[in-house]
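Below is one structure, written out as structure tokens; the observations come after it.
Readers should treat all values here as calculations from the given coordinates under stated rules, not as data from a laboratory. The structure presented is a predicted model; accordingly, all values stated were derived computationally and were not measured. Positions of Cβ are generated from backbone atoms using ideal geometry, with glycine treated the same way; all protein chains shown enter the neighbour counts.
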Amino acid sequence: MKHIQVGNTKFAVKTAGEKGYPLLLVHGFPLDHTVWQRQIDFFADHCRVIAPDLRGFGSSDITPGSVSMEQMADDLAGLLEAMGMQEKVIFCGLSMGGYVGWQFWKRHKHKVLAMIACDTRAVADSPEASAGRRKMAENVLKEGAGAASSVMMPRMFAPNTYQAKPDLVRQVQQMMERQKPEGIAAAALGLAAREDVREWLHTIDVPTLILVGEQDAISTMDEMRHIADAILDAVWVAVPDAGHLAILENPAVVNEAIAEFITL
Ligand code: MLT
């Protein structure tokens, strides 16, 4: 892991690989870069992989309060600059990482070669969902990270994954529970306030891969199909035997789809 200072915030970033396109892997909520381990291992032979911990997660610095998707997008742009990355990157975001990706496109499109959206959404939270996030932020600050994992864990995987892959389920639960309450709460408030981006998805004019677990309960196939339809140059892949964490539940299909998209 490298630790890189951007302004007054320190970010942790895992890098792997020395040749090929820069592939920026942006994790979901409330996770850290290790959720990408199967992609880091696979793509290190073909790409320059950059897998940061977002502000408030893993071993990156925390900013208490609320952290917006726009702030996280600007953090990534600053991080790439601090790393001396001159080239455009393939931006690959999982769920919250995808929300950050839409803002990265809006604010830093000159840095984007292609987009990969994994199990993510374009709509904003409903008032009820937003109130639920605010409640989660409050509970996490009082009770610890378990107050977030108990809400998130039941919706992360396809129903069968819970029985068939208990080690994987445990690994993700531990990942959630080691995140710092202040970081989780700040991101939850940022998620609650995030913008609906559907109106400007059509401005994305770089090759885009849309990946969704067939049994994703958070970002459904139907919703992701609409995202793919809105983007001119989008390739759509539905991942079997997988829910919201398709990147972990079926890494073989996900990695192959990404490899084919990048045409390794
Ligand atoms: C994620 O995986 O990042 C979260 O499910 C996003 C969300 O709760 O909207």
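Translational diffusion coefficient of the chain at 37 °C, 0.692 mPa s, Stokes-Einstein with Kirkwood Rh over Cα pairs, in µm²/s as a whole number. Walk me through the numbers before you get to the answer.
Values: Rh = 18.1 Å.
It comes out at roughly 182 µm²/s.
Under a Cβ-only charge scheme (Lys and Arg +1, Asp and Glu -1), can you give me the dipole magnitude of segment 42-168 about the Cα centre, in debye to the nearest 20?
Magnitude of the dipole: close to 300 debye.
For segment 1-91, state the average projected area of the convex hull of the C-alpha atoms over all orientations, rounded to one decimal in nm².
In nm², the orientation-averaged hull projection of segment 1-91 is 5.5.
Between H46 and Q171, what is the label-point separation in nm under the 7 Å Cα-to-beta-carbon projection?
In this crude label model, Q171 to H46 measures out at 2.0 nm.
By per-residue mean of other Cβ atoms within 10 Å, what is the highest-first order of 158-170, 58-70?
Numbers: 158-170: 14.2, 58-70: 18.5.
Ranked from most to least packed, the peptides come out as 58-70, 158-170.
So how compact is segment 13-163: Cα radius of gyration and Dmax in angstrom?
15.9, 46
Find out how many positive minus negative residues lie around D125, taking Lys and Arg as positive, Asp and Glu as negative, among other residues whose Cβ is under 14 Å from that of D125.
Local net charge: +2.
Just check segment 180-264 against the gyration tensor rule for me: Cα atoms, a ≥ b ≥ c as the square roots of the eigenvalues, rounded for a/c under 1.5, and otherwise prolate or oblate depending on whether a/b exceeds b/c.
Note, shape of segment 180-264 comes out oblate.
Count the net charge of all other residues whose Cβ sits under 10 Å from the Cβ of W105, scoring Lys and Arg as +1 and Asp and Glu as -1.
Taking every other residue near W105 into account, the sum is +3.
If N is the number of residues in segment 1-40, what value comes out of its Cα radius of gyration divided by 2.2 N^0.38 Å?
On the way: Rg = 11.5 Å, N = 40, 2.2 N^0.38 = 8.9 Å.
The value comes to 1.28.
Rounded, prolate or oblate: pick one for segment 92-220, where a ≥ b ≥ c are the square roots of the eigenvalues of its C-alpha gyration tensor, a/c under 1.5 means rounded, and failing that, prolate if a/b is larger than b/c, else oblate.
oblate
Could you tell me the number of lysine pairs in the chain with C-alpha atoms less than 20 Å from each other, where the two lysines are 8 or more residues apart or belong to different chains?
Value for the chain: 15.
Any idea how far the Cα center of segment 162-209 sits from the one of segment 61-102, in Å?
Between the Cα centres of segment 162-209 and segment 61-102 lies a distance of 13 Å.
Hey, got the dipole for segment 192-264? About the Cα centre, +1 on K and R Cβ, -1 on D and E Cβ, debye to the nearest 20? Can you show the working numbers first?
Numbers: 3 positive and 14 negative charges, 20 e Å.
Charge dipole of segment 192-264: 100 debye, to the nearest 20.
Return the distance in nm (one decimal) between the two label points of a simple spin-label model at L113 and K135, each offset 7 Å from Cα along Cα→Cβ.
4.5
Quote the charge dipole size of segment 1-74 about the Cα centre in Debye, to the nearest 20; the model charges only the Cβ of Lys and Arg (+1) and of Asp and Glu (-1).
With Lys and Arg at +1 and Asp and Glu at -1, about 140 debye.
Please arrange H108, H244 by how many other C-beta atoms lie within 10 Å of their C-beta, fewest to most.
In increasing order of surrounding Cβ atoms, one gets H108, H244.
Please name which of A228, F261, A188 has its Cα lying farthest along the dipole of the chain towards the positive end, using unit charges on Cβ (Lys, Arg +1; Asp, Glu -1) and the Cα centre as origin.
Positive-most Cα among the choices belongs to A188.
Counting Lys +1, Arg +1, Asp -1, Glu -1, what net charge surrounds D32 among other residues with beta carbon under 9 Å of its beta carbon?
Charge balance near D32 sits at 0.
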